[in-house]
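Asker: If you scroll down you'll find the structure; I have some questions about it.
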Amino acid sequence: MTGLTHLDADGAAHMVDVGDKLVTRREAVATGQIVMSDEALTAIRAGAVKKGDVLAVARVAGIMAAKRTSDLIPLCHPLPITRVTLDLSPDASGITATATVATDGKTGVEMEALTAVSVALLTVYDMAKAIDKSMTIKDIRLLEKRGGRSGDWRAA
């Protein structure tokens, strides 16, 4: 198997050796959305969800998840994360989460940004599911990454 970095010559999964790579500043931005009923969105905005402040708890959950990504995703390197920001923005149909993660390291933080968004949105769902079980999490994706050998990238 050629071209797949997480498989060895025999096709067995392995962690990529990043030992020879240079430590550089790396950053990734990811986003996603949870769509919900007007009732759930109104309750979240008003701070009227019985479980507490949904956006505050989801923000902390996403930040914690970014820091634990290597515990959740097989073959993902543990990284010294230098910054995680998580913005949760209510809009007309639900809440959009945007995470920015940075490190000075030998590999990128794309997985950490995606994990932060995913867990933040799952936390919103968990906290508001008594109001709306039909909430939909969607469009989780990488928006951009900066640094590293492959350079900068931005979604179209």
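Asker: Report the charge-dipole magnitude of the chain in Debye, nearest 20, computed about the Cα centre from +1 at each Lys and Arg Cβ and -1 at each Asp and Glu Cβ.
Answerer: So the magnitude is around 280 debye.
Asker: Next up: Only one of the values (i) 47; (ii) 57; (iii) 51 was calculated from this structure for percent of Cα pairs over 19 Å apart; name its label.
Answerer: (ii)
Asker: Counting only C-alpha contacts under 8 Å and six or more residues apart, can you give the relative contact order of the chain as a whole percent?
Answerer: 35 percent
Asker: Let me ask you something else. Taking only protein heavy atoms into account and a 1.4 Å probe, give the accessible area per residue of the range 76-121 in Å².
Answerer: 33 Å²
Asker: Using the Karplus equation 6.51 cos²θ - 1.76 cosθ + 1.60 (θ = phi - 60°), what ³J(HN,Hα) coupling, rounded to whole Hz, does each residue of the range 69-75 give in order, writing x for Gly and Pro?
Answerer: Result, ordered by residue: 4, 5, 7, 9, 10, x, 6 Hz.
Asker: Now, a different point. What size of dipole, in debye to the nearest 20, comes out for the range 56-139 about its Cα centre when the only charges are +1 on Lys and Arg C-beta atoms and -1 on Asp and Glu C-beta atoms?
Answerer: Here the size comes out at about 160 debye.
Asker: Multiplying the sequence separation of residue 25 and residue 10 by 0.36 nm and subtracting their Cα-Cα distance, what value in nm do you get?
Answerer: 2.1 nm
Asker: Rank 12, 102, 147 by how far each Cα sits towards the positive end of the charge dipole of the chain (+1 on Lys, Arg Cβ; -1 on Asp, Glu Cβ) and give me just the farthest.
Answerer: Of the options given, the answer is 102.
Asker: Could you pull out every one of the lysines with an alpha carbon less than 19 Å from that of residue 67, ignoring same-chain neighbours closer than 8 positions?
Answerer: Here the lysines satisfying the reach criterion relative to residue 67 are 106, 145.
Asker: Same structure, new question: Report the calculated FRET efficiency for residue 130 and residue 73 (r = Cβ-Cβ distance, R0 = 30 Å), to the nearest 0.05.
Answerer: It comes to 0.50.
Asker: Lysines near residue 51 by alpha-carbon distance under 18 Å, same-chain residues fewer than 8 away left out - which ones?
Answerer: 129, 133
Asker: Shifting gears a bit: Relative contact order of the range 5-96: what whole-number percent is it, with Cα pairs under 8 angstrom and at least 6 residues apart?
Answerer: Computed value for the range 5-96: 33 percent relative contact order.
Asker: Out of 128, 30, 93, whose Cα points farthest toward the positive end of the dipole of the range 27-137 (charges: +1 Lys, Arg; -1 Asp, Glu; placed on Cβ)?
Answerer: Checking the options against the dipole of the range 27-137, the answer is 128.
The values are calculated or read from the model by the stated rules, or taken from the named source; none is laboratory data. All values reported here derive from a predicted model rather than from experimental measurement. Virtual Cβ from ideal backbone geometry, glycine too; neighbours counted across all protein chains shown. With ligands, DNA and RNA removed, areas are computed over all heavy atoms of the protein, side chains included. Shrake-Rupley method; radii C 1.70, N 1.55, O 1.52, S 1.80 Å.
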